[in-house]
Structures are given as C-alpha cells and as structure tokens.
Amino acid sequence: MQVFLVLQHSWDMIRAQEAYLKSPFFPVLFSFFVYLGFCLPYMILDMLSWKVDFLTKYKIQPKSQITWAMLRTCIVLTVYNHIVFIFPLTVLNWYWRPVSYPLEAPGILRLILDIIACLLLFDFQYFVWHLIHHKVPWLYKTFHKVHHKYTLTFALATEHSGAWETLSLGFFAAINPVLLNCHPLTEMLFFIVNIWLSVEDHCGYDFPWSPHRLVPFGLFGGAPHHDIHHLKFKSNYAPYFTHWDKLFGTFLQANIKTAILTHF
C-alpha cells in the first residue's frame, strides 16, 4: 500500500506538468537528455581512466583509449539524428496520437511486469533485426556498418548509428508499450530503463555491480557480452539477454582479454 501511495504521489507530480508532457518537443528532449545523462558518468570515467590506474582494471579493453575526436563525432551524429529525423516523426506522432494521462498510477506489480515484458519483446525484435543486418551484406554495408565504426565500446557509441537504425530501434521501443497497453508512467520508465541498459551495454566497463553480475544464471549479457560482438562481429546479437543467442548458436562467452589478443 505504501509503495502504491509513493507511485501515486509521483504520478500526480508528473501529471501536474501535463502541459509540458503533451508538447511535441517533450519526447525528443526527454530521450536526448536522459541518454546524455546516462553517458556523462562513463565519459568522466573515460577521461579519468587515462590517469587513474585503479579504473583500468574495470575497463574491458584496458589498452584502448577514447579520444575527444571520437566523443565529438558521436555527439554530432546523435544531435543530427534527433533534429533531422526523430523530431519530425515525434511531431507526426503527437498529431496522430494525442496522449491522455489517467488519474491513477499503475500498481507496482503491473508496472514491473510490463517493463520486463517490454524489455523482453524489444530484446527479441533487436536480435532478429541485428542478425539479419549482419547476415545480409547489403544491409550491413548500407545501414549497420556505421554503428561498427569503433571496435572499442564506449558510452557515446551507443547511438552512433545511421538514420535507418536509429529509427528502426526507436520504433520498436515506442511501439512495444502501445502493443502491451502499458500505463504512460510505465512507458516513461521503460524508455529510461531501455536507454540505461543500452548505454551500459556499450560503456566498456565491467564493474562488480554491473547488471550481468547481478542477474543470475548468466541470463543477462551486459557490457562484456556486447563488447565481444563489436570485436568479433559474428556473435552475441541480442542487446541484453542471452537466451536468443544461445538458442540460435550465436552466443560467445570468452575471456575478453583473449578475444582482444585474437582480434589484434
């Protein structure tokens, strides 16, 4: 009961900003600043790791360095995609699908289950999309190759991708809460969790508190799982969980240092 009251109070505070939430500018600004907010701590770590030896042991590729030029390239492409492609589509969606905000917040159990369901559905959609774009050379060269510019994973490389990839994955993330009839609060939290997991996937660090270490039975791949994909290209296509890669025989679990030595 206490948890529901907290949720309801939080939802009431959000609804009080309804005028801003219904603005066509809100979705694009929301996704952009949430993304940069999650990237910023890792950007600071990347800058410090050059000088602080303690951080080096947590880097998946400790001998590789991120330069300001790399960061600038990623930021410019992200801003470009948001202004040129995401914002116009956001305006169209705002016009065609007016958002309504119910008075009551969702129950905590329903909220958690819906977020997990959205993540599992997105994980499957991304796995299929990703696998096809690696298996079909034309699709890879035309669309997905941009994302593989760097074999080194770092937070800002998360959204270093072309328009087709950005819009495709954005569509999956946007349509899933609609398909599952999620509460608007659940939809917002799913977007936040999804962006955080995407950034964590590309962060290039393996901390003791990383998600793949907290989720039991190796069900969650995390940063090491995706870093191997950027090194090897032919494995670990699912963004978060490991079951689809294991089922289709594309799962690769290897000592990351061995993988790096093999790659170079």
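Checking Cys182 against (1) of a type outside the set (Ser, Thr, Tyr); (2) touching a Leu at 6+ places or on another chain (Cβ under 7 Å); (3) not in a helix (DSSP H, G or I): exactly one of these is not met. Which one?
(2)
Identify all residues within segment 177-187 that are surrounded by 15 or more Cβ atoms within 10 Å (Cβ to Cβ) and either in contact with a Lys or Arg (Cβ under 7 Å, 6 or more places away or on another chain) or in contact (Cβ under 8 Å) with a residue 24 or more places away in the chain (or both); write none if there are none.
Selection gives Pro177, Leu180, Cys182, His183, Pro184, Leu185, Thr186.
Are any residues in segment 206-220 out of contact with any helix residue (DSSP H, G or I) (no Cβ under 6 Å at 6 or more places or on another chain) and either within 22 Å of Met47 (Cα to Cα) or not in a helix (DSSP H, G or I) (or both), and if so, which ones?
Within segment 206-220, Phe207, Pro208, Trp209, Val215, Leu219 meet the criteria.
With Ala157, Ala174 as the choices, which residue is in contact (Cβ under 8 Å) with a residue 60 or more places away in the chain, under 23 Å from Lys234 (Cα atoms) and part of a helix (DSSP H, G or I)?
Being in contact (Cβ under 8 Å) with a residue 60 or more places away in the chain, under 23 Å from Lys234 (Cα atoms) and part of a helix (DSSP H, G or I) holds for just one of Ala157, Ala174, which is Ala157.
Any residue in segment 15-39 that's under 17 Å from Leu77 (Cα atoms): show its pairings with residues that are in a helix (DSSP H, G or I) and polar (S, T, N, Q) at Cβ separation under 6 Å, as long as the two are six or more apart or on different chains.
Hits for this filter: Val28/Thr90.
Only one residue in Tyr126, Tyr140 is in contact with a His (Cβ under 7 Å, 6 or more places away or on another chain), within 20 Å of Phe248 (Cα to Cα) and in a helix (DSSP H, G or I). Which one?
Tyr140
What number of residues within segment 35-83 are in contact with a Leu (Cβ under 8 Å, 6 or more places away or on another chain), closer than 18 Å to His148 by Cα and of a type outside the set (A, V, I, L, M, F, W, C)?
Summing the residues that are in contact with a Leu (Cβ under 8 Å, 6 or more places away or on another chain), closer than 18 Å to His148 by Cα and of a type outside the set (A, V, I, L, M, F, W, C) in segment 35-83 gives 3.
Scan segment 97-119 residue by residue and report those that are closer than 16 Å to Pro177 by Cβ and in a helix (DSSP H, G or I).
Passing the criteria: Arg110, Leu111, Ile112, Leu113, Asp114, Ile115, Ile116, Ala117, Cys118, Leu119.
Of the conditions (1) free of Cβ contacts under 8 Å to residues at least 12 places away in the same chain; (2) over 30 Å from His230 (Cα atoms); (3) surrounded by 11 or more Cβ atoms within 10 Å (Cβ to Cβ); (4) of a type outside the set (A, V, I, L, M, F, W, C), Gln2 clears all except one; give me its number.
Failing condition for Gln2: (3).
Looking only at segment 30-52, filter to residues that are assigned to a helix (DSSP H, G or I) and aromatic (Phe, Trp, Tyr); which one of those is surrounded by the fewest Cβ atoms within 10 Å (Cβ to Cβ)?
Taking the candidates together, the pick is Phe33.
Looking at segment 198-216, is at least one residue closer than 30 Å to Leu7 by Cβ, hydrophobic (A, V, I, L, M, F, W, C), out of contact with any Asp or Glu (no Cβ under 8 Å at 6 or more places or on another chain) and surrounded by 21 or more Cβ atoms within 10 Å (Cβ to Cβ)?
yes
Just name the residue that is modelled with the highest pLDDT out of those in segment 237-263 that are out of contact with any helix residue (DSSP H, G or I) (no Cβ under 9 Å at 6 or more places or on another chain) and in a loop (DSSP other than H, G, I, E, B).
Gly249
Can you tell me how many residues in segment 86-107 are surrounded by 13 or more Cβ atoms within 10 Å (Cβ to Cβ), among the hydrophobic types (A, V, I, L, M, F, W, C) and more than 22 Å from Asp201 (Cβ to Cβ)?
Going through segment 86-107 one residue at a time, the tally reaches 6.
Looking at segment 160-171, is at least one residue of a type in the set (Asp, Glu) and outside any helix (DSSP H, G or I)?
Within segment 160-171 (the criterion being of a type in the set (Asp, Glu) and outside any helix (DSSP H, G or I)), the answer is no, since none of the residues qualifies.
Tell me which residues, restricted to segment 53-63, are free of Cβ contacts under 8 Å to residues at least 40 places away in the same chain, assigned to a loop (DSSP other than H, G, I, E, B) and surrounded by 11 or more Cβ atoms within 10 Å (Cβ to Cβ).
Pro62, the sole residue that qualifies.
Of the residues in segment 64-97, how many are in contact (Cβ under 8 Å) with a residue 24 or more places away in the chain and closer than 19 Å to Met47 by Cβ?
Number of matching residues: 8.
The values are calculated or read from the model by the stated rules, or taken from the named source; none is laboratory data. The model shown is predicted, which means the values in this text are computed figures rather than measured ones. Cβ: placed from backbone, ideal geometry, glycine included. Neighbour counts: every protein chain shown.
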